[in-house]
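Encoded as structure tokens, the structure appears first; notes follow it.
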Amino acid sequence: MSRFEEYRDRFGDVRMAREDGILQVTLHTDGGSLKWSERAHRELPEAFRQIATDPDNRVVILTGSGPDFLTEMAFEKRNTTPQGWDRVAHEGRHMLFDLLDIEVPIIAAVNGPATEHAELALLSDIVLASE
């Protein structure tokens, strides 16, 4: 079982705030729009796992910061060994399964274009999108 105080500041690309059981999860890179990176790929499964196992979360609002929800990839040079690709596949599967393991309603407030990993918003229970 997770406690908000233990995980809220653990992630570099995820800002979290909770009030009255409503958890706002804001994806960002340095305060602006999230740029998909190895760090985001590594952090999101763990963030979703912590959220899913915190009994004090009643509703999750998933949103972004800046003008885009997620439109840019910022990967460093990729490790193209079989072990590197295995890690990427493992993290990717867990990112989706850990998101789906969040048993409270998830509202995606898509703040702008989402041309990369739009499934993060589309797997939510309710999707609200800007133009």
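Derivation of every value follows stated rules applied to the coordinates shown; laboratory data play no part. Computed from a predicted model, the values in this text were never measured in an experiment. Neighbour counts are summed over all protein chains in view; Cβ atoms, including those assigned to glycine, are modelled from backbone coordinates with ideal geometry.
Structure notes:
- Using the Cβ-Cβ distance between Q24 and T81 with R0 set to 25 Å, the FRET efficiency works out to roughly 0.10.
- Restricting the chymotrypsin sites (Phe, Trp or Tyr not before Pro) of the range 37-131 to loop positions (DSSP other than H, G, I, E, B) with no more than 14 neighbouring Cβ atoms within 10 Å leaves F75.
- Among (1) 1.13; (2) 0.99; (3) 0.95, the entry derived from the coordinates for Rg/Rh (Cα atoms, Kirkwood Rh): (3)
- Of the GluC sites (Glu not before Pro) found in the range 1-93, those in coil by DSSP whose Cβ has at most 14 other Cβ atoms within 10 Å are E76.
- The length gained by stretching the chain between E119 and F4 to full extension, at 0.36 nm per residue less their Cα-Cα distance, is 38.9 nm.
- Extension gain, A129 to A89, is 11.6 nm, computed as 0.36 nm per intervening residue step minus the present C-alpha separation.
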